[in-house]
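Trainee: Supplied in structure tokens, the structure appears directly below.
The values are calculated or read from the model by the stated rules, or taken from the named source; none is laboratory data. Here the structure is a predicted model, which is why all the values come from computation and not from measurement. Note: ideal-geometry Cβ built from the backbone for every residue, glycine included; neighbour counts use all protein chains shown.
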Amino acid sequence: MKRILTLLLCAALTLSLVVPSLAAQSEQETAAAWLKENGILTGDQNGNLNLDSSLTRAELAVILTRLSDDTGDMGRNAAYYRTICPFTDVPEWAMPYAGYCAEKKLMAGYGNKQFGPNDPVTPAAACTVMLRYLDCPANQWSYATACDKATELGLLPVEAAAGPSITRGNIAILIYRALNGVNPGNGADTTVSGVGDGYLTNGKPITENNVLELLHQIEKDWPTGTVWGTHNTPGTHKNEIPSTVSGRIMRSYGESNVYGCGAYASMVSSLIFGDAANSGRKLDDISELRPGDIVFLVSPEGKVGHVAVALESPNQEGRFHRTDGNHGETVQWPDAESLRSYSLSGFSGYSPRHLEVWTRYPESVPYTGNSIEVWPIDSKK
């Protein structure tokens with residue numbers, strides 16, 4: 001584990017030391033353009049982003065919803081989120097967003113069913129929601145120190161923490177840096193060989209064999225029987241690995257990426273594919289799942305029963321081995337006695353639940369089928 005954590009830290013340090021080559025745009029303009037291109041930040045009726053204007057709490061709810069809703073849940077269920085909005089002072093247009101953020105615990109109100117939709121967002125509030133979004137361990141910061149923590153992590157320029165409110169331009173910088181895992185001096189993102197999209201945490205290109213190499217290392221660091229905690233077992237192992245991408249995937253299903261099976265899968269995914277690189281996508285054809293993919297066991301009503309990480313591609317019978325945490329509050333890997341496998345059509349005890357799979361392999365890396373029946377290792381000796 002120490003070796004993998006060192007690799008992650010080295011990658012982060014490498015990114016932070018890169019000297020950007022783009023100086024034509026300010027960091028606010030670069031960040032805002034990227035957010036606009038990705039549908040996170042939109043302009044007014046004239047298309048102006050108004051980067052010098054303050055941001056309201058209602059506008060922040062919209063941005064956080066767009067950040068978190070990878071599966072399009074908001075678009076399909078806007079009426080539901082409008083109905084559950086717990087605040088009485090939110091205008092109708094903002095109710096679905098405030099309801100979404102309240103249910104996902106991304107934002108809270110002032111009490112007495114008040115949200116303050118037109119209130120300007122303070123730098124502390126902006127940093128608080130982003131640190132929550134990134135699942136920064138709560139014991140490392142508080143609301144009073146949120147700006148200091150965000151500045152320490154390189155997410156917020158020092159000058160942006162001053163004043164009673166944060167501008168749209170500075171919130172763009174905060175989000176841009178958080179999503180791209182960079183701390184450039186003037187805002188330009190730079191691709192570094194062996195770091196970022198298309199590469200694993202050990203600096204190698206993303207291939208099934210290279211993913212398997214990291215999975216073998218993780219099994220050595222977190223073997224079967226390692227205690228894995230829940231909210232009911234404080235002081236036990238939980239996910240303290242930065243998990244921007246995998247955390248976002250977990251939250252899209254309402255799963256924690258701090259405790260429980262979702263947290264273990266989130267940690268393993270981050271240890272393989274990195275924190276913010278290699279954005280996840282839901283597989284249309286789950287028969288093409290590969291080692292390192294995140295597998296959700298979902299009921300017909302959409303409730304997640306369990307989360308695991310695939311260790312191989314499915315065989316002709318549709319079965320594949322997995323690793324998971326929180327099975328009896330411990331980590332589990334397959335061996336000759338305990339095969340721990342899933343079937344593409346479900347498995348005993350969980351019928352009629354189905355599988356949904358998220359992958360972090362880039363679309364440019366084709367499915368090969370070369371990783372079938374490669375686990376458990378000890379049963380093949």
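Trainee: Leu35 is checked against (1) at negative phi; (2) assigned to a loop (DSSP other than H, G, I, E, B) and fails just one. What number does that condition carry?
Mentor: Here Leu35 meets the rest and fails (2).
Trainee: Go over the candidates Thr65, Thr88, Thr83 one by one and state the one that is at pLDDT 80 or above, in the same structural domain as Gly116 (by TED's automatic domain parsing) and under 26 Å from Ile241 (Cα atoms).
Mentor: Only one candidate qualifies: Thr65.
Trainee: So, in the stretch 109-127, how many residues would count as being in contact with a helix residue (DSSP H, G or I) (Cβ under 6 Å, 6 or more places away or on another chain) and touching a residue at least 40 places away in the same chain (Cβ under 8 Å)?
Mentor: Result for the stretch 109-127: 8.
Trainee: Run down Tyr133, Tyr143, Tyr97, Tyr110 and say which single residue is aromatic (Phe, Trp, Tyr), under 16 Å from Arg177 (Cα atoms) and either within 22 Å of the chain's Cα centre (by Cα) or surrounded by fewer than 16 Cβ atoms within 10 Å (Cβ to Cβ) (or both).
Mentor: Within the list Tyr133, Tyr143, Tyr97, Tyr110, the selection yields Tyr133.
Trainee: Shifting gears a bit: For the stretch 78-107, give me the residue count where each residue is in contact with a Phe, Trp or Tyr (Cβ under 9 Å, 6 or more places away or on another chain) and part of a loop (DSSP other than H, G, I, E, B).
Mentor: Going through the stretch 78-107 one residue at a time, the tally reaches 8.
Trainee: State whether one or more residues within the stretch 292-306 are in the same structural domain as Trp375 (by TED's automatic domain parsing), out of contact with any His (no Cβ under 6 Å at 6 or more places or on another chain), in a helix (DSSP H, G or I) and touching a residue at least 12 places away in the same chain (Cβ under 8 Å).
Mentor: For the stretch 292-306, residues in the same structural domain as Trp375 (by TED's automatic domain parsing), out of contact with any His (no Cβ under 6 Å at 6 or more places or on another chain), in a helix (DSSP H, G or I) and touching a residue at least 12 places away in the same chain (Cβ under 8 Å): absent.
Trainee: Given the criteria more than 21 Å from the chain's Cα centre (by Cα) and in a loop (DSSP other than H, G, I, E, B), does Pro117 qualify?
Mentor: yes
Trainee: Got at least one residue in the stretch 61-75 being outside any helix (DSSP H, G or I) and more than 17 Å from the chain's Cα centre (by Cα)?
Mentor: No, the stretch 61-75 contains no residue that is outside any helix (DSSP H, G or I) and more than 17 Å from the chain's Cα centre (by Cα).
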